[in-house]
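Asks: I'd like to ask some things about the structure below.
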Amino acid sequence: MAPAEPDEASDVHCRLDELLAVRGMTLARLAELVGVSVVNLSVLKNDRARAIRFSTLQAVCEVLDCEIGELLVLRRTRPDAT
């Protein structure tokens, strides 16, 4: 499999907005608890992130009490080949 090109849109979707809403938490509060900037979390939340550190991913999941698969999901935009 070839690596993604820099301009290629990602099929990975971040469900941060939904998880924050369910928990009644703001992005600013999450940033404070995780120890990263609001800007960095906003980039992730808006599906503009190209990468995330495992330590940040782990911290976000710990604070939100969720699994990685609840936070990041794969969008199925291409028809299945059968």
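Asks: For every other residue with a beta carbon closer than 14 angstrom to the beta carbon of N46, add +1 if it is Lys or Arg and -1 if Asp or Glu, then tell me the sum.
Replies: Net local charge, N46 excluded: +1.
Asks: For M25, what is the net charge nearby, where nearby means another residue's Cβ is under 15 Å from its Cβ and Lys, Arg count +1, Asp, Glu -1?
Replies: -2
Read the figures in this text as sums done on the coordinates, not as results from a lab. Everything quoted here is computed from the prediction, not taken from an experiment. Every residue, glycine among them, receives a Cβ derived from its backbone with ideal geometry; neighbour counts consider all protein chains shown.
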